[in-house]
């Protein structure tokens with residue numbers, strides 16, 4: 001297994017589409033990432049596309065859009081960094097075990113769990129599907145961690161999501 005220092009990831013939120021269609025915006029973002037990558041020696045760097053809450057014209061609130069972005073830059077070994085507060089705000093119910101299992105199945109069917117090395121695990125301050133931006137979606141993380149610790153025998157899908165949020169990102173396999 002490679003050392004933690006050998007794995008470097010850079011995550012970014014795709015941006016907004018403005019007056020353009022989502023399909024046009026996805027194409028523009030793909031081309032922008034490809035152009036930027038031409039100027040940077042990637043080495044051990046893995047580019048991760050973070051999902052959004054879906055506020056306004058934000059791109060990346062659907063798992064399908066994230067999958068399209070990853071596919072478009074597949075030659076760059078790109079992946080996804082999924083934020084649970086953003087998933088919840090975008091309408092993916094990760095607040096219950098059943099909802100989380102369904103969301104993980106959807107992730108596998110669209111992006112593929114192998115393409116998601118990092119989860120940002122956060123509680124959400126807003127209701128399911130509230131589509132509010134990042135500064136308003138996150139609640140203090142200790143509540144989520146406390147619930148996960150109280151139920152160590154939870155299903156595998158819950159353990160997948162039980163990765164603490166840190167800066168810099170910690171790959172899912174390297175969590176406590």
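The values are calculated or read from the model by the stated rules, or taken from the named source; none is laboratory data. These numbers come from a predicted model, not from an experiment. A quick note on method: Cβ atoms are made from the backbone with ideal geometry, for glycine too, and the neighbour counts reach across all protein chains shown.
For the range 59-72, which residues satisfy the criterion of being surrounded by 18 or more Cβ atoms within 10 Å (Cβ to Cβ) and part of a helix (DSSP H, G or I)?
Scanning the range 59-72 gives 63, 65, 66, 67, 68, 69, 70, 72.
Taking residue 43, is it surrounded by fewer than 12 Cβ atoms within 10 Å (Cβ to Cβ) and either touching a strand residue (DSSP E or B) at 6+ places or on another chain (Cβ under 8 Å) or assigned to a loop (DSSP other than H, G, I, E, B) (or both)? Quick ask: steps written out before the conclusion?
Values: surrounded by fewer than 12 Cβ atoms within 10 Å (Cβ to Cβ): yes; either touching a strand residue (DSSP E or B) at 6+ places or on another chain (Cβ under 8 Å) or assigned to a loop (DSSP other than H, G, I, E, B) (or both): yes.
Considered against the rule, which asks whether it is surrounded by fewer than 12 Cβ atoms within 10 Å (Cβ to Cβ) and either touching a strand residue (DSSP E or B) at 6+ places or on another chain (Cβ under 8 Å) or assigned to a loop (DSSP other than H, G, I, E, B) (or both), residue 43 comes out as yes.
I'd like to check something: does the range 73-88 contain any residue that is part of a helix (DSSP H, G or I), surrounded by fewer than 18 Cβ atoms within 10 Å (Cβ to Cβ) and at pLDDT 95 or above?
no
Looking at the structure I just gave you, is residue 54 assigned to a loop (DSSP other than H, G, I, E, B), surrounded by 19 or more Cβ atoms within 10 Å (Cβ to Cβ), on the phi > 0 side of the Ramachandran plot and out of contact with any strand residue (DSSP E or B) (no Cβ under 8 Å at 6 or more places or on another chain)? Let's see the steps before the verdict.
Values: assigned to a loop (DSSP other than H, G, I, E, B): yes; surrounded by 19 or more Cβ atoms within 10 Å (Cβ to Cβ): yes; on the phi > 0 side of the Ramachandran plot: yes; out of contact with any strand residue (DSSP E or B) (no Cβ under 8 Å at 6 or more places or on another chain): yes.
In short, yes.
Of the conditions (1) at pLDDT 75 or above; (2) in contact with a strand residue (DSSP E or B) (Cβ under 8 Å, 6 or more places away or on another chain); (3) part of a loop (DSSP other than H, G, I, E, B), residue 170 fails just one. Which one is it?
(1)
So for the range 12-32 (the condition being under 18 Å from residue 120 (Cβ atoms), in a loop (DSSP other than H, G, I, E, B), touching a residue at least 12 places away in the same chain (Cβ under 8 Å) and out of contact with any helix residue (DSSP H, G or I) (no Cβ under 7 Å at 6 or more places or on another chain)), does at least one residue qualify?
Looking through the range 12-32, at least one residue is under 18 Å from residue 120 (Cβ atoms), in a loop (DSSP other than H, G, I, E, B), touching a residue at least 12 places away in the same chain (Cβ under 8 Å) and out of contact with any helix residue (DSSP H, G or I) (no Cβ under 7 Å at 6 or more places or on another chain).
Results for (1) within 16 Å of residue 12 (Cβ to Cβ); (2) out of contact with any helix residue (DSSP H, G or I) (no Cβ under 9 Å at 6 or more places or on another chain), shown as yes or no for each residue.
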| residue | (1), (2) |
| --- | --- |
| 58 | yes, yes |
| 72 | yes, no |
| 76 | yes, no |
| 91 | no, yes |
| 100 | no, no |
| 106 | no, no |
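Do we find that residue 49 is buried (at least 17 other Cβ atoms within 10 Å of the Cβ), in contact with a helix residue (DSSP H, G or I) (Cβ under 6 Å, 6 or more places away or on another chain) and touching a residue at least 24 places away in the same chain (Cβ under 8 Å) in this structure? First the steps, then the outcome.
Values: buried (at least 17 other Cβ atoms within 10 Å of the Cβ): yes; in contact with a helix residue (DSSP H, G or I) (Cβ under 6 Å, 6 or more places away or on another chain): yes; touching a residue at least 24 places away in the same chain (Cβ under 8 Å): yes.
The answer is yes for residue 49.
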